[in-house]
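*Asks:* One structure coming up, written as structure tokens, with questions to follow.
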Amino acid sequence: MEIKDRILYLVAGIVVMTGLALVVLSGHRGARLENAGIGSGSDAPVAAGGQAADFKLEKLDGTTVSLESLRGKVVFLNVWATWCEPCREEMPSMQTLYDDFKSNKDFVMLAVSQDTKGRAAVAPYVAKNGYHFTILLDPENKIGETYDVSGVPETFIIDRKGQIVAHHMGAFDWSRPDVKDALQQLLDSKRG
């Protein structure tokens, strides 16, 4: 075997081992939801129990929303992108969850798009799919950096005091009865 072939095999072996390590590590982190009676996990980048960082982002209609202005409400904060297949898979269940809670003035659903093309990419997608929850535009990935988002979709549930009470990485079926029950408990609680 020539030296060139040995080097090629060595490099290929390193690439394969690195790939396997990444798969194992990403599988270990998993897609989890913490606290709020929905599930548990401790290795999320932004731990449940921490204070949610304030932000100001533009909605599709051009008005601005800040997290601080929503204090006193339970906030479902989802980070997504139109090009993300798992995001597209979970959004119908988000719409179902929103439909179930939209009459409760203390519940807010915010879906923060990370699309770099902003409104031009997001507005047609939202209109085509008939989503009615609040869509925020974040083409500069400010939320992703502030909340240490490791990938999309990623969701944070924030209580009335601005504390992150749940964190989920990856797609999820938000229309599940246990999720609705946990959110209702959070909404019924006047302390959090």
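*Asks:* Where residues in the stretch 71-94 are under 18 Å from Leu137 (Cα atoms) and without any contact (Cβ under 8 Å) to a residue 40 or more places away in the chain, which of them is surrounded by the most Cβ atoms within 10 Å (Cβ to Cβ)?
*Replies:* Arg88
*Asks:* Let me ask another. For Gly49, indicate whether it is assigned by TED's automatic domain parsing to the domain that holds Glu145, exposed (fewer than 13 other Cβ atoms within 10 Å of the Cβ) and within 17 Å of Ile157 (Cβ to Cβ).
*Replies:* Answer is yes for this residue.
*Asks:* Now for a different question. Restricting attention to the stretch 52-110, and to residues there that are among the aromatic types (Phe, Trp, Tyr) and assigned to a strand (DSSP E or B), which single residue is nearest to Leu187 (Cα to Cα)?
*Replies:* Among them, the one singled out is Phe107.
*Asks:* Testing Glu34 on (1) modelled with pLDDT of 50 or more; (2) of a type in the set (D, E, K, R); (3) farther than 22 Å from Asn104 by Cβ, one condition comes back false. Which one is that?
*Replies:* (1)
*Asks:* Out of the residues in the stretch 152-192 that are loosely packed, with under 15 Cβ neighbours inside 10 Å and within 17 Å of Asn78 (Cα to Cα), state the one that is farthest from the chain's Cα centre (by Cα).
*Replies:* Filtering first and then ranking leaves Arg176.
*Asks:* Also: Please verify whether the stretch 70-87 includes one or more residues that are touching a helix residue (DSSP H, G or I) at 6+ places or on another chain (Cβ under 8 Å), more than 14 Å from Val152 (Cβ to Cβ) and not basic (Lys, Arg).
*Replies:* For the stretch 70-87, residues touching a helix residue (DSSP H, G or I) at 6+ places or on another chain (Cβ under 8 Å), more than 14 Å from Val152 (Cβ to Cβ) and not basic (Lys, Arg): present.
*Asks:* Continuing with this model, one more query. Select from the stretch 43-81 the residues that are under 14 Å from Val165 (Cβ atoms) and modelled with pLDDT under 50 and list them in ascending order.
*Replies:* Ala44 - this is the single residue of the stretch 43-81 that is under 14 Å from Val165 (Cβ atoms) and modelled with pLDDT under 50.
*Asks:* Can you find a residue in the stretch 106-119 that is in the same structural domain as Ala182 (by TED's automatic domain parsing), out of contact with any strand residue (DSSP E or B) (no Cβ under 9 Å at 6 or more places or on another chain), at pLDDT 95 or above and more than 16 Å from Val65 (Cβ to Cβ)?
*Replies:* Within the stretch 106-119, one or more residues are in the same structural domain as Ala182 (by TED's automatic domain parsing), out of contact with any strand residue (DSSP E or B) (no Cβ under 9 Å at 6 or more places or on another chain), at pLDDT 95 or above and more than 16 Å from Val65 (Cβ to Cβ).
*Asks:* Of the residues in the stretch 104-132, how many are of a type outside the set (Val, Ile, Thr), free of Cβ contacts under 8 Å to residues at least 40 places away in the same chain and surrounded by 15 or more Cβ atoms within 10 Å (Cβ to Cβ)?
*Replies:* Counting residues in the stretch 104-132 that are of a type outside the set (Val, Ile, Thr), free of Cβ contacts under 8 Å to residues at least 40 places away in the same chain and surrounded by 15 or more Cβ atoms within 10 Å (Cβ to Cβ) gives 7.
The values are calculated or read from the model by the stated rules, or taken from the named source; none is laboratory data. All values derive from a computational prediction rather than experimental measurement. Quick reminder, even Gly has a Cβ in these numbers, built from the backbone with ideal geometry, and neighbours come from all protein chains shown.
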